[in-house]
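Enquirer: Structure provided below as structure tokens; questions to follow.
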Amino acid sequence: MQVTFREVDPFNCWLWLRFAHVPSHGERKYLDGILDSWYVIGRLGGFNAENLQAHQESNDLSFMNYDNDQASLAIPALMHNLGQVEYKDSWARFWVDFGTCDSISIDILINLLSHTDSQLLDLEEIVIGGVNESWDIDEHPDAIFEP
């Protein structure tokens, strides 16, 4: 699966997925489930790179000293909104307002899609940001800021 970044506005961002074929009903439902789960984690502040204590510790987490004071100092990182997935031929697209969540959210989404691509979905490409020349976009009704 090829990953391409275009111009990314974190408060008004389209993501595009290209399948190897027109996705089936089952593939669409599976993708919806992945994105719903990803959004809930973001909405609840899970994509906060300021507090990655276990990740930064090392491979051995036994008896790690977790610093609650450090965790409480992290600035909240909340995803604001996620639009519905739309489909056109072999393409899918969705809109997201990343809000204040960190870019680790994008890495995690790429990891999710890469794994499911090899197991369940036949994705050829994910494009983050920008526009798709063959599929016009209007201003998303949930966008808070003007593009």
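Enquirer: So which residues in region 23-54 are within 12 Å of Leu121 (Cβ to Cβ) and hydroxyl-bearing (Ser, Thr, Tyr), if there are any at all?
Expert: Ser24, Tyr30
Enquirer: Of all residues in region 79-105 being under 25 Å from Glu50 (Cα atoms) and polar (S, T, N, Q), which is surrounded by the most Cβ atoms within 10 Å (Cβ to Cβ)?
Expert: For region 79-105, the residue satisfying everything is Ser105.
Enquirer: Does at least one position in region 48-58 carry a residue that is under 30 Å from Glu133 (Cβ atoms) and buried (at least 19 other Cβ atoms within 10 Å of the Cβ)? Please lay out each step first, then the result.
Expert: So the first thing to find is which residues in region 48-58 are under 30 Å from Glu133 (Cβ atoms), and the list is none.
The answer is no, given that none of the residues of region 48-58 is under 30 Å from Glu133 (Cβ atoms) and buried (at least 19 other Cβ atoms within 10 Å of the Cβ).
Enquirer: Which one of the conditions (1) in contact with a Leu (Cβ under 9 Å, 6 or more places away or on another chain); (2) farther than 30 Å from His21 by Cβ does Trp95 fail to meet, given that it meets all the rest?
Expert: (2)
Enquirer: Just name the residue that is surrounded by the most Cβ atoms within 10 Å (Cβ to Cβ) out of those in region 1-20 that are in contact with a helix residue (DSSP H, G or I) (Cβ under 9 Å, 6 or more places away or on another chain) and farther than 21 Å from Phe47 by Cα.
Expert: So, considering only residues that are in contact with a helix residue (DSSP H, G or I) (Cβ under 9 Å, 6 or more places away or on another chain) and farther than 21 Å from Phe47 by Cα, the one surrounded by the most Cβ atoms within 10 Å (Cβ to Cβ) is Leu17.
We did not get these values from a lab; they are worked out from the coordinates using the rules stated. The structure displayed is predicted, hence computed values, not measured ones. For neighbour counting, all protein chains shown are included, and Cβ atoms are generated from backbone atoms with ideal geometry for every residue, glycine included.
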